[in-house]
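Colleague: Sharing a structure below in structure tokens format, with a few things to ask.
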């Protein structure tokens, strides 16, 4: 169990590094799917099989497909990859990366020092999650339904491409 | 399972969150920034799963489901904004969208 956890964690970290350093966005999304799959394995090892299934279905399935559809609608050409290569130069990424790594080192030190109690190793199955979700968290479920509704309305409103209305006297006369 | 795994699960969540933060900071393409925000949300969900597994309570997975819902709503609105920015500015450079008049 320990070894599988460490292998999955290594795969997740490596593929996430590949995501944020790729120039072609489709390649980055493929690595993102690998990262989500590895995290699903981690969830399964942690004793959360329902969360692992949701990770594969919603993250690796729905969200990545949504991003791919939008990239297809944008119709990016090969110049976009060259432009990405031009944007991502070492002087841009070295500073923020070093600062973030310092923060991570502090976090690792804090977690390593603190005394933690061991995992019980008990599997929390779908039944308990469902009873909790529709019992004490019912208000949260209703609120997230409203959030999804506002997401749909917002995406429709923002995604609509308005026609430019130019007054006919302000238009340039055609030669 | 031992005590090591709760610690290393939290460390994995922290590392993934930092990678997503680096991605938001260093990329100029808006789509890459959105993907990095997804990575950060996923790492936060992993932390909740680890905590729920540590105390063998279902609350961690419930919070993960809420984070999942929020990520889905956020990515749909964000992609609609990206479409609108690309339609108006003809570029995906986030520095190009620095004026309020668009």
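Here, each number is a calculation from the coordinates, and none is a lab measurement. The structure presented is a predicted model; accordingly, all values stated were derived computationally and were not measured. Every residue, glycine among them, receives a Cβ derived from its backbone with ideal geometry; neighbour counts consider all protein chains shown.
Colleague: Count, for each residue of A:75-82, the Cβ atoms from other chains sitting within 10 Å of its Cβ, then give me the mean as a whole number. Spell out each step's value before the answer.
Modeller: Details: counts 1, 4, 0, 0, 0, 4, 0, 0.
The mean count of partner-chain Cβ atoms within 10 Å per residue comes to 1.
Colleague: Using a Förster distance of 22 Å, how high is the FRET efficiency between residue A:13 and residue A:99, based on the Cβ-Cβ distance and rounded to 0.05?
Modeller: 0.70
Colleague: To test your reading of the geometry: what angle, between 0 and 90 degrees and rounded to tens, separates the Cα axis of helix A:64-74 from the longest principal axis of chain A?
Modeller: With both axes taken from Cα atoms, the answer is about 10 degrees.
Colleague: Next question, about the same structure. Compute the angle between helix A:78-87 and the longest alpha-carbon principal axis of chain A, please, reported from 0 to 90 degrees and rounded to the nearest 10.
Modeller: Helix A:78-87 and the main axis of chain A meet at about 70 degrees.
Colleague: Here is a further query. What's the average, rounded to a whole number, of partner chain beta-carbon atoms within 10 Å of each residue's beta-carbon in A:59-71?
Modeller: Mean partner-chain Cβ count within 10 Å for A:59-71: 4.
Colleague: How do the peptides A:54-61, A:126-133 rank, highest first, by the average count of neighbouring beta carbon atoms within 10 Å per residue?
Modeller: Sorting A:54-61, A:126-133 by mean packing, highest first, produces A:54-61, A:126-133.
Colleague: Right, next: Hey, what did chain B get for relative contact order, percent, Cα under 8 Å, at least 6 apart?
Modeller: The value is 26 percent.
Colleague: Could you work out, residue by residue across B:86-98, how many beta carbons of other chains sit within 10 Å of that residue's beta carbon, and then give the average as an integer?
Modeller: 2
Colleague: Nearest 500 deg cm²/dmol is fine: what mean residue ellipticity at 222 nm does chain A get from its DSSP H runs of n ≥ 4 alone, each adding -39,500 (n - 2.57), divided by its residue count?
Modeller: -23000 deg cm²/dmol
Colleague: Go ahead and run the numbers for FRET between residue B:93 and residue A:148, Cβ-Cβ distance against an R0 of 30 Å, rounding to 0.05.
Modeller: Using R0 = 30 Å, I get an efficiency of 0.50.
Colleague: Let me check the size of segment A:122-163 from its C-alpha atoms; what are the radius of gyration and Dmax in Å?
Modeller: Gyration radius and largest Cα-Cα distance of segment A:122-163: 16.5, 58 Å.
Colleague: Taking the 0 to 90 degree range and rounding to the nearest ten, how far is the long axis of helix B:30-54 tilted relative to the main principal axis of chain B, both from C-alpha atoms?
Modeller: Roughly 10 degrees, rounded to the nearest 10.
Colleague: Going highest first, how would you order A:46-52, B:68-74 by mean Cβ packing within 10 Å?
Modeller: Sorting A:46-52, B:68-74 by mean packing, highest first, produces A:46-52, B:68-74.
Colleague: How big is D, in µm² s⁻¹, for chain B by Stokes-Einstein at 25 °C and 0.890 mPa s if Rh is the Kirkwood radius over C-alpha pairs?
Modeller: Reported coefficient: 161 µm²/s.
Colleague: Okay, moving on. Using Cα pairs under 8 angstrom and six or more residues apart, how large is the relative contact order of segment A:2-120, in percent?
Modeller: Result for segment A:2-120 is 20 percent.
Colleague: Further, regarding this structure: Could you pull out which residues in segment A:26-67 have an amide N less than 17 Å from a spot 7 Å beyond the Cα of residue A:161, following the Cα-Cβ vector?
Modeller: Correct set: none at all.
Colleague: Oh, and also: From the Cα gyration tensor of chain A, with a ≥ b ≥ c the square roots of its eigenvalues, which class applies: rounded if a/c is under 1.5, or else prolate if a/b is larger than b/c, or else oblate?
Modeller: It is oblate, given that a/c is not under 1.5 and a/b is not larger than b/c.
Colleague: Among B:17-27, B:50-60, A:84-94, what's the highest-first ranking by average C-beta atoms within 10 angstrom per residue?
Modeller: Highest mean packing first, the order is B:17-27, B:50-60, A:84-94.
Colleague: Looking at the square roots a ≥ b ≥ c of the eigenvalues of the Cα gyration tensor of segment A:5-99, which shape do they give, rounded for a/c under 1.5, prolate if a/b is larger than b/c, or oblate?
Modeller: The shape class here is oblate.
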